[in-house]
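I have a structure I would like to understand better, so I am pasting it below and will then ask my questions one at a time.
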Amino acid sequence: MKSPLLTLPGAVPAEGVDEGVAAHYGDLFREQRALADGTGFVDLSHRGVVAVTGDDRLSWLHLLLTQHVSDLPTGEATEALILSAHGHIEHALYLVDDGTTVWAHVEPGTQEALIAYLESMKFFYQVEVTDRTDDFAVVHLPAGSIAEVPEGVVVRETAYGRDLFLPRADLESYAEKAGPAAGILAYEALRVEQHRPRLGFETDHRTIPHELGWIGTAVHLQKGCYRGQETVARVQNLGKPPRRLVFLHLDGSEVHLPTPGTEIHLADEGPDGRKIGFITTSVRHHELGPVALALVKRNVAPDAQLVAGETAAAQEVVVEP
């Protein structure tokens with residue numbers, strides 16, 4: 001879905017999964033600094049929006065999600081996963097309940113598969129699942145923002161800012177009041193700085209929640225049964241995940257960032273050594289320079305010097321070995 005905000009001055013369209021919104025509006029670092037200072041907004045209108053209504057909505061979702069939501073207070077934001085039977089991550093949902101409806105935004109293009117799964121699990125529960133992507137656009141206001149939220153708009157408020165479920169018809173008029181606009185690249189740079197994983201970026205077909213630090217934030221360890229719980233409990237109680245998320249400081253003298261999927265090796269073995277991980281997201285940060293998130297084997301020493309492709313990299317621990 002192509003955002004009308006791509007007509008704003010300087011807008012450069014994003015590519016890949018984030019196609020449909022602006023990558024930036026002409027000055028990536030200025031946009032990052034604005035968000036870091038709590039000003040401006042990010043157009044996330046390409047993300048899927050799913051609504052769940054009905055008296056059983058919270059108790060029903062509690063059975064399906066990794067998060068404890070049966071008693072989710074009205075207006076309290078949370079996030080949750082849906083796992084495969086083997087505990088691999090299939091969906092990530094960013095949720096809030098407004099008292100009558102659970103609203104969730106999800107990765108672009110994933111809402112259809114998510115809704116199909118939810119519909120298959122309705123059974124006798126009094127719930128309705130609806131794709132509201134055509135009607136509502138997600139807009140992000142950074143932490144510290146004093147931008148006004150229109151009356152009646154559902155808001156997810158987190159430590160990283162507020163996500164608005166804005167009527168899509170109001171997107172252009174709201175942008176005129178909430179500016180300056182920041183592109184998805186600025187948003188992603190701050191996400192990487194904050195070590196926050198993203199479905200389809202930090203995940204692949206075999207990722208389990210422990211590898212990304214999603215235990216606690218998106219996975220509740222004291223709730224009842226859900227699909228994939230056996231894997232979660234086994235790893236939590238008896239073992240360690242095979243991989244772990246790391247934050248990398250990249251050599252700033254390199255012109256090009258290592259792209260997602262770039263192999264990581266131990267520096268003393270060089271680029272021809274054994275593969276010990278791969279880049280998941282790489283960005284240029286307005287203060288930190290070139291940085292990245294990556295998945296590496298759990299037993300890689302936290303102080304090991306790494307090389308991503310041909311780019312030297314120093315790691316910070318996100319998930320403990």
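The values are calculated or read from the model by the stated rules, or taken from the named source; none is laboratory data. Computed from a predicted model, the values in this text were never measured in an experiment. Cβ: placed from backbone, ideal geometry, glycine included. Neighbour counts: every protein chain shown. With ligands, DNA and RNA removed, areas are computed over all heavy atoms of the protein, side chains included. Shrake-Rupley method; radii C 1.70, N 1.55, O 1.52, S 1.80 Å.
Of a type in the set (D, E, K, R), touching a Ser or Thr at 6+ places or on another chain (Cβ under 8 Å) and modelled with pLDDT of 95 or more - does that describe any residue in the range 61-76? Walk me through how you get there before you give the answer.
From the range 61-76, those of a type in the set (D, E, K, R) are 71, 76; that's our starting set.
Next, only the ones that are touching a Ser or Thr at 6+ places or on another chain (Cβ under 8 Å) stay: none.
Scanning the range 61-76 turns up no residue that is of a type in the set (D, E, K, R), touching a Ser or Thr at 6+ places or on another chain (Cβ under 8 Å) and modelled with pLDDT of 95 or more.
Condition first: assigned to a helix (DSSP H, G or I), open to solvent by 40 Å² or more (accessible area, probe 1.4 Å) and not acidic (Asp, Glu). Now tell me which residues in the range 168-201 satisfy that.
ARG168, ALA169, SER173, LYS177, LEU185
From the list HIS286, HIS249, HIS265, pick out the single residue that is in contact with a helix residue (DSSP H, G or I) (Cβ under 8 Å, 6 or more places away or on another chain) and touching a residue at least 40 places away in the same chain (Cβ under 8 Å).
HIS286
Of these, GLY48, GLY75, GLY40, which one is on the phi > 0 side of the Ramachandran plot, in contact with an Asp or Glu (Cβ under 9 Å, 6 or more places away or on another chain) and either among the β-branched types (Val, Ile, Thr) or open to solvent by less than 20 Å² (accessible area, probe 1.4 Å) (or both)?
Answer to the selection: GLY40.
For ALA292, state whether it is at pLDDT 95 or above, touching a helix residue (DSSP H, G or I) at 6+ places or on another chain (Cβ under 8 Å) and crowded, with 19+ Cβ neighbours inside 10 Å.
In short, yes.
Hey, another quick one. Which one is surrounded by the fewest Cβ atoms within 10 Å (Cβ to Cβ) among residues in the range 216-262 that are out of contact with any Ser or Thr (no Cβ under 6 Å at 6 or more places or on another chain) and of a type in the set (Val, Ile, Thr)?
VAL255
Just for the range 263-295: of the residues that are within 21 Å of the chain's Cα centre (by Cα) and in a loop (DSSP other than H, G, I, E, B), which one is nearest to ILE184 (Cα to Cα)?
So, considering only residues that are within 21 Å of the chain's Cα centre (by Cα) and in a loop (DSSP other than H, G, I, E, B), the one nearest to ILE184 (Cα to Cα) is HIS286.
Something else about it: Can you tell me which residue is surrounded by the most Cβ atoms within 10 Å (Cβ to Cβ) among those in the range 2-37 that are among the polar types (S, T, N, Q) and under 20 Å from ARG191 (Cβ atoms)?
Of everything passing the filter in the range 2-37, GLN32 is surrounded by the most Cβ atoms within 10 Å (Cβ to Cβ).
Also, quick follow-up: For ALA304, indicate whether it is surrounded by fewer than 23 Cβ atoms within 10 Å (Cβ to Cβ) and either without any contact (Cβ under 8 Å) to a residue 60 or more places away in the chain or among the aromatic types (Phe, Trp, Tyr) (or both).
Numbers: surrounded by fewer than 23 Cβ atoms within 10 Å (Cβ to Cβ): yes; either without any contact (Cβ under 8 Å) to a residue 60 or more places away in the chain or among the aromatic types (Phe, Trp, Tyr) (or both): yes.
So ALA304 passes the test.
If you don't mind, another one. Mind listing whichever residues of the range 212-238 are in a loop (DSSP other than H, G, I, E, B) and free of Cβ contacts under 8 Å to residues at least 60 places away in the same chain?
GLY216, LEU221
Next question, about the same structure. What is the one condition in (1) touching a helix residue (DSSP H, G or I) at 6+ places or on another chain (Cβ under 9 Å); (2) without any contact (Cβ under 8 Å) to a residue 24 or more places away in the chain that ALA116 does not satisfy?
(1)
Now for a different question. Working only within the range 263-289, note down all residues that are open to solvent by less than 60 Å² (accessible area, probe 1.4 Å) and farther than 12 Å from PHE247 by Cβ.
ILE264, HIS265, LEU266, ALA267, GLY270, GLY273, ILE276, GLY277, PHE278, HIS286, GLY289
Let me ask something additional. Given PRO241, PRO260, which one is within 14 Å of VAL192 (Cα to Cα) and in a loop (DSSP other than H, G, I, E, B)?
The match here is PRO260.
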